[in-house]
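The values are calculated or read from the model by the stated rules, or taken from the named source; none is laboratory data. Everything quoted here is computed from the prediction, not taken from an experiment. Positions of Cβ are generated from backbone atoms using ideal geometry, with glycine treated the same way; all protein chains shown enter the neighbour counts. For the accessible areas, the whole protein counts, side chains as well, though only heavy atoms, and no ligand, DNA or RNA atoms are used. Shrake-Rupley method; radii C 1.70, N 1.55, O 1.52, S 1.80 Å.
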Amino acid sequence: MSLALSRRTTLRRLRSLFPTATSTSPATTIPASRRWLSLRELDAEKQDRERVVILGSGWGGFGVARSIDTKYYQPILVTPRTYFVFTPLLAGTAVGTLEFRNAMESSHSLKGVEVVRGYGVDWDPASKSLTVEGIRNEADPGKTFQLPYDKLVLSVGAYAQTFGIPGVRENAFFLKDVNDARRIRSRILARFEEASLPDCSEQDQRRLLHFAIVGGGPTGIEFAAELHDLLEDDLSRIYPVLVNKADITVYDVAPVILGMFDNRLQGYAQSLFRRQGIRVKTNHNVLEVKNDGLVTKEDGHVPAGMVVWSTGLATNPFVKNTILGKGFKLFPDDPKAEELKVCKSQKAGQILVDTHLRVLTIATAEGKEKAEPKPLDDVFALGDCAAVGTQGLPATAQVANQQAKWLAKSLNNAAKGASHPVISSVGKRLVDIDEEREFGFRSLGIMAYLGGWRAITQSGGTDLKGRLAWLLWRTAYFSKSVGWRNKVLIPVYWFLNWILGRDINRF
């Protein structure tokens with residue numbers, strides 16, 4: 001009994017030392033043990049706060065939910081996955097450098113934030129409500145319900161770009177979620193187990209142990225580097241003969257890999273890959289992906305035991321079909337009300353937002369196509385699904401993270417200073433961020449791991465390469481990891497895997 005009380009007391013003290021979110025007032029705090037609330041109870045808990053519905057739990061959505069002040073707002077996170085993924089660590093989890101849980105942070109850990117597991121399927125800006133399809137189980141598609149909001153944050157990210165190439169979705173592996181990393185790790189180990197069977201010919205062994213990576217950006221390059229380390233450091237002890245028959249090939253349609261780095265760092269990366277035995281084939285066009293390899297315009301059919309696809313981003317279907325695909329009226333009962341549509345960026349088909357991250361709209365009537373776009377004061381978009389005017393920001397976690405912090409801070413500041421709150425068109429209290437400073441992106445640099453404890457980093461006019469860059473790369477990822485649990489576990493796993501080797505169990 002005394003031990004149990006002591007443990008509970010210690011946990012309470014630790015939680016007080018390391019809070020996981022912005023503190024909330026006692027009147028609005030929702031007990032952490034409550035994982036379900038009806039809409040009626042949500043309305044009762046809301047009190048005089050504004051309800052902020054956040055769609056998506058990636059860098060943008062999770063960042064807003066984590067930083068918004070629950071004294072002024074009632075944040076509700078709508079997401080099909082109830083966790084945040086620290087995407088830069090996915091390549092490491094795919095080969096056992098880290099465990100899958102090290103790249104995850106539960107959305108339920110955010111104090112004062114309600115989490116709804118579901119998808120956004122429709123949107124009515126006139127009544128300010130989001131239609132959500134709840135997720136119950138794999139067999140049941142779930143039922144829809146209306147979720148009213150005062151402010152809506154769209155942060156649904158983007159899908160993997162396949163360019164309509166046959167067989168990509170059916171046969172290739174992506175690397176955007178923890179489930180993808182789990183499937184990749186299982187496939188790598190399964191291929192070695194299959195190649196080690198006594199009746200497996202050498203031709204089949206070379207096919208099974210050829211790992212093709214399509215895409216020469218940071219994700220594809222870092223996965224190739226992590227896979228090389230797995231083969232050299234761990235699988236070489238178990239399969240010393242088979243590892244010599246394994247090949248890693250990176251394909252890219254561009255003339256160089258890592259196009260966002262300068263020429264000197266690009267050359268260093270290609271030279272290091274060449275010494276490590278990783279083949280880089282630029283100016284190669286993939287025509288098809290099959291279950292036993294891929295077909296390129298230059299080489300024809302290339303046998304492979306696994307194809308990992310990392311070639312950019314495509315517009316999320318909810319954004320394409322619902323947000324951008326439908327016109328609407330803010331005053332549907334007024335026959336003179338204009339029909340509006342959300343503005344779309346020309347290059348990538350993203351939601352166009354202003355410098356306050358507010359969704360821009362334009363009238364659809366003939367002759368008004370060139371009119372000045374107007375923002376929706378209570379609808380925001382950020383991350384990969386949004387484009388800030390003509391700034392041309394990269395679709396990176398760094399951009400989404402900075403946008404989330406800016407939006408949450410601006411909403412908090414506006415709420416604190418709203419002595420005379422604006423009244424919205426539907427008569428609800430509205431905190432306006434129009435007077436807050438505009439969002440501006442500040443690049444903190446780019447980096448990529450190249451294997452063998454070597455990396456490259458580029459920040460302003462400073463370029464680093466080799467082991468010093470690798471040390472900076474690891475320090476940056478460790479410092480940016482979310483939650484004290486992972487800040488403790490990540491260096492522990494890095495140390496254990498260096499001493500004892502990676503976990504190569506397949507499950």
At 20 °C in a medium of viscosity 1.002 mPa s, the chain has a Stokes-Einstein diffusion coefficient, with Rh taken as the Kirkwood radius over alpha carbon pairs, in µm² per second, of 86 µm²/s
Dipole axis of the chain (+1 Lys, Arg; -1 Asp, Glu on Cβ), positive-most option in 96, 77, 478 | 478
Tilt of helix 263-276 relative to the longest C-alpha principal axis of the chain, in degrees (0 to 90, nearest 10)?
-> 50 degrees
Taking 0.36 nm per intervening residue step and subtracting the Cα-Cα distance, what contour gain separates residue 329 from residue 81 on full extension?
-> 86.1 nm
Please pull out the direction-averaged projected area of region 114-235, using the convex hull of its alpha-carbon atoms, in nm² to one decimal place.
-> 12.3 nm²
How fast does region 160-201 diffuse by Stokes-Einstein, in µm²/s, taking the Kirkwood radius from C-alpha pairs at 20 °C and 1.002 mPa s?
-> 176 µm²/s
For residue 236 and residue 287 in one chain, what is 0.36 nm times their gap in residues minus the Cα-Cα distance, to one decimal in nm?
-> 15.1 nm
Over region 253-318, what lengths in whole Å, largest first, do the semi-axes of the equivalent ellipsoid take, defined as the square roots of 5 times the eigenvalues of the alpha-carbon gyration tensor?
-> 23, 19, 11
Tell me which residues come under 5 Å, amide H to amide H, from residue 118 once H is placed; ignore anything under 5 positions away on its chain.
-> 79, 135
Report, ordered by chain and residue number, the lysines lying within cross-link reach of residue 71, taken as a straight Cα distance under 27 Å and ignoring same-chain residues fewer than 8 apart.
-> 46, 111, 128, 151, 405, 409, 416, 428, 480
When ranked by the protection proxy of mean other Cβ atoms within 10 Å per residue, highest first, what sequence do the peptides 475-481, 84-90, 342-348 form?
-> 84-90, 342-348, 475-481
If you bin every alpha carbon distance in region 237-288 into 5 Å steps from zero, what whole percent lands in each bin?
-> 5, 18, 21, 21, 14, 11, 8, 3
D (Stokes-Einstein, µm²/s), Kirkwood Cα radius, region 207-246, 0.692 mPa s at 37 °C = 304 µm²/s
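Counting heavy atoms of the protein chains only and a 1.4 Å probe, report the per residue accessible area for the chain as a whole number of Å². Write out the running numbers ahead of the final one.
Details: 24900 Å² over 507 residues.
On a per-residue basis, the chain sits at 49 Å².
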Residue 46 versus residue 462: modelled label distance in nm, points set 7 Å from Cα along the beta carbon direction | 4.8 nm
Quick calc: nm separation of the 7 Å Cα→Cβ label points for residue 442 and residue 301 -> 5.6 nm
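Where does the chain land at 222 nm, in deg cm²/dmol rounded to the nearest 500, when only DSSP H runs of n ≥ 4 count, each adding -39500 (n - 2.57), divided by all residues?
Here the helix-only value at 222 nm equals -9000 deg cm²/dmol.
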What distance in nm separates the simple spin-label points at residue 313 and residue 494, each placed 7 Å from Cα in the Cβ direction?
-> 2.6 nm
